[in-house]
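The values are calculated or read from the model by the stated rules, or taken from the named source; none is laboratory data. What you are looking at is a predicted structure, and each value in this text was computed from that prediction instead of being measured. Cβ atoms come from the backbone with ideal geometry, glycine included; neighbour counts cover every protein chain shown.
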């Protein structure tokens with residue numbers, strides 16, 4: 001990590017609690033620290049509908065700072081909590097803003113921008129990316145256009161309208177997870193495949209980093225690039241973990257990843 005990145009890293013905070021636990025309440029499941037509610041930046045208590053998610057959130061807080069009072073922790077130790085906070089304080093009050101932001105990725109989806117050379121990369125893009133565009137068309141009736149080079153391609157208005165309608169049908173929790181996964185992947189198509197269990201976090205990350213991995217294969221290993229890709233993979237894995245937990249009480253289920261037929 002560079003010095004600039006270190007300087008921008010959030011300051012560590014000292015753990016002040018002994019025990020974190022999930023507590024059932026009439027409004028859902030809260031996370032408490034020594035009996036006091038965890039509060040989000042906006043002031044609301046951290047409370048979710050899924051008992052599985054609440055348990056995972058409490059475990060995250062219990063592990064923070066090395067698991068003992070006085071230990072230091074940063075927001076990076078509370079990844080699921082950050083996604084839950086986005087769900088509760090940003091998406092729930094204004095779903096349309098999140099839908100619009102995610103829909104914007106369809107207009108410039110990674111899978112729609114191809115190269116003609118080197119031939120190795122062009123062929124790998126065709127083999128690994130075409131099946132997901134085909135899946136999106138067959139599953140949701142959304143046909144995205146493909147272009148070569150970096151000049152923007154204008155996507156069909158009907159396709160973008162269908163994308164928006166699909167996103168509007170998703171729960172706040174799924175939108176929150178997509179809000180992490182889609183920017184990391186650069187692809188709404190891959191994000192939707194994650195939501196429907198068609199891809200695992202590892203598979204989606206591999207697909208999204210095809211260009212970078214192929215370039216390193218051709219030109220040689222790049223340690224900084226490799227670390228960036230690893231961080232990307234961790235973000236996607238966090239989003240998938242949240243997906244598995246947020247509707248675990250019997251709402252929208254996310255099936256395990258399966259291979260394309």
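Scan region 88-102 and tell me whether some residue there is under 15 Å from residue 193 (Cα atoms) and surrounded by 15 or more Cβ atoms within 10 Å (Cβ to Cβ). So that I can check it myself, show each step before the final result.
Looking only at region 88-102, we keep the residues that are under 15 Å from residue 193 (Cα atoms), and these are 102.
Right, trim to surrounded by 15 or more Cβ atoms within 10 Å (Cβ to Cβ) and you get 102.
Yes, region 88-102 has at least one match.
Of the residues 98, 76, which is in a helix (DSSP H, G or I), under 30 Å from residue 143 (Cα atoms) and touching a residue at least 60 places away in the same chain (Cβ under 8 Å)? Reasoning before the result, please.
Numbers: 76 fails: under 30 Å from residue 143 (Cα atoms).
Criteria check complete, one pass: 98.
Output the number of the condition that residue 128 fails; it satisfies all remaining conditions of (1) closer than 25 Å to residue 96 by Cβ; (2) modelled with pLDDT of 95 or more.
Condition (1) is where residue 128 drops out.
Does residue 11 count as surrounded by fewer than 16 Cβ atoms within 10 Å (Cβ to Cβ), assigned to a strand (DSSP E or B) and touching a residue at least 24 places away in the same chain (Cβ under 8 Å)?
Working: surrounded by fewer than 16 Cβ atoms within 10 Å (Cβ to Cβ): yes; assigned to a strand (DSSP E or B): no; touching a residue at least 24 places away in the same chain (Cβ under 8 Å): yes.
No.
One residue is enough: does region 47-58 have a residue meeting the conditions in contact with a strand residue (DSSP E or B) (Cβ under 9 Å, 6 or more places away or on another chain), over 23 Å from residue 244 (Cβ atoms) and either part of a strand (DSSP E or B) or outside the structural domain of residue 19 (by TED's automatic domain parsing) (or both)?
no
Applying the selection to region 103-123, what residues are buried (at least 18 other Cβ atoms within 10 Å of the Cβ) and part of a helix (DSSP H, G or I)?
The first filter runs over region 103-123 and keeps only residues buried (at least 18 other Cβ atoms within 10 Å of the Cβ), leaving 103, 105-106, 109-113, 121.
Selection gives 103, 105, 106, 110, 111, 112, 121.
With the checklist (1) surrounded by fewer than 21 Cβ atoms within 10 Å (Cβ to Cβ); (2) within 27 Å of residue 228 (Cβ to Cβ); (3) modelled with pLDDT of 95 or more in hand, flag the one item residue 170 doesn't pass.
Going through the list (1) surrounded by fewer than 21 Cβ atoms within 10 Å (Cβ to Cβ); (2) within 27 Å of residue 228 (Cβ to Cβ); (3) modelled with pLDDT of 95 or more, residue 170 breaks only (2).
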